[in-house]
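As structure tokens, the structure follows; a few thoughts come after it.
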Amino acid sequence: MIPLTPQATTEQFIPTVNLMTTVGSEVQLPKEVDEANSQYKLSKVAVKWDPISSEIFEKTGKYEISGKTITSSQSVKALIHVFSNSKPINIAAVGDSITFGMNVENPSANSYPKQLNNRLGSKYNVMNFGNSGKTLLENGNDPYIKTSEYTNSLGSNPDAVIIQLGTNDAKPTNYSKINNYIDDYLKLINKYKALNTKPIIYISIPPKVEKNIYLIEPSNVEKNSTENSRNCTTRWARYFHY
């Protein structure tokens, strides 16, 4: 279990890079990675990776690759998760209406999880567990953790989980409780990390909201939900090297 309220430090920190693939399919490591400062603000830095043997893509496993930033020679770590071809890689898309596909014509065919599955191909199985209007906050007006989609996502045997929550937490009725946001997010992550499949966790930053709609306040999304999601991402990565 990771600390839920870790203290910021003066150190620069680079979260671990996580990549997924299947046996026989090589992946390219990114030329840039995210670096977090003491306030968990992210910026891009160039990195040079150690050589990768093609042999790691010939069998299943989790392989650690090291590298260093070009400007400061800070150590960087990547984990390449190589899955079997015997079954699709299960990806649980967890979230609110953005995940569900509200106001999208034919969500079952055009929601982002479906489009992601189309791009990844038949070796992947992206499951849509979106539920419109839901909050990340446990004491929000309509918490995601109280939905059947949440329960079903826990039972879906995910190899990876994409969390897209935070937009509805910007509503005034929820924003007054926003100080609980990071702790509640870390609790949610821990629920998925405790699963037997030990899934990779990806946090999707709430998208920009151009105008007040469904009582969602744009400035709250920009100032708090987005910032807190970034903070949560780097705090999680600092204290749990997944």
Considering only residues of segment 68-86 that are crowded, with 18+ Cβ neighbours inside 10 Å and not hydrophobic (A, V, I, L, M, F, W, C), which is nearest to residue 202 (Cα to Cα)? 81
Tell me yes or no: at least one residue of segment 35-48 is surrounded by 12 or more Cβ atoms within 10 Å (Cβ to Cβ), of a type outside the set (A, V, I, L, M), modelled with pLDDT of 95 or more and within 29 Å of residue 90 (Cβ to Cβ). no
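Table: residues versus (1) free of Cβ contacts under 8 Å to residues at least 24 places away in the same chain; (2) of a type in the set (Gly, Ala, Ser); (3) assigned by TED's automatic domain parsing to the domain that holds residue 145.
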| residue | (1), (2), (3) |
| --- | --- |
| 73 | yes, yes, no |
| 76 | no, no, no |
| 82 | no, no, no |
| 92 | no, yes, yes |
| 96 | no, no, yes |
| 100 | no, no, yes |
| 114 | yes, no, yes |
| 121 | yes, yes, yes |
When segment 129-182 is examined, which residues are found to be acidic (Asp, Glu), touching a strand residue (DSSP E or B) at 6+ places or on another chain (Cβ under 7 Å) and modelled with pLDDT of 95 or more? 142, 149, 159
Between a first residue in segment 166-179 that is assigned by TED's automatic domain parsing to the domain that holds residue 144 and within 8 Å of residue 216 (Cα to Cα) and a second residue that is hydrophobic (A, V, I, L, M, F, W, C) and in a helix (DSSP H, G or I), which pairs have beta carbons less than 6 Å apart while being 6 or more apart in sequence or on different chains? 170/221
Among the residues of segment 138-149, which ones are out of contact with any Leu (no Cβ under 9 Å at 6 or more places or on another chain) and of a type outside the set (S, T, N, Q)? 140, 142, 146, 149
Single residue of segment 87-109 satisfying the filter (among the polar types (S, T, N, Q) and modelled with pLDDT of 95 or more) that is surrounded by the fewest Cβ atoms within 10 Å (Cβ to Cβ): 90
Of all strands (runs of 3 or more DSSP E) fully inside segment 110-224, the set with 1 or more residues that are of a type in the set (S, T, N, Q) and surrounded by fewer than 22 Cβ atoms within 10 Å (Cβ to Cβ) is 124-130
Given (1) under 25 Å from residue 120 (Cβ atoms); (2) touching a residue at least 60 places away in the same chain (Cβ under 8 Å); (3) crowded, with 16+ Cβ neighbours inside 10 Å; (4) not polar (S, T, N, Q), where does residue 29 come up short, assuming only one miss? (2)
If we scan segment 89-109, do we find a residue that is touching a strand residue (DSSP E or B) at 6+ places or on another chain (Cβ under 7 Å), farther than 28 Å from residue 168 by Cα and not small (Gly, Ala, Ser)? yes
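The values are calculated or read from the model by the stated rules, or taken from the named source; none is laboratory data. Keep in mind it's a predicted model, so treat the numbers as computed, not measured. Cβ coordinates were reconstructed from backbone atoms using ideal geometry, including for glycine residues, and neighbour counts include every protein chain displayed.
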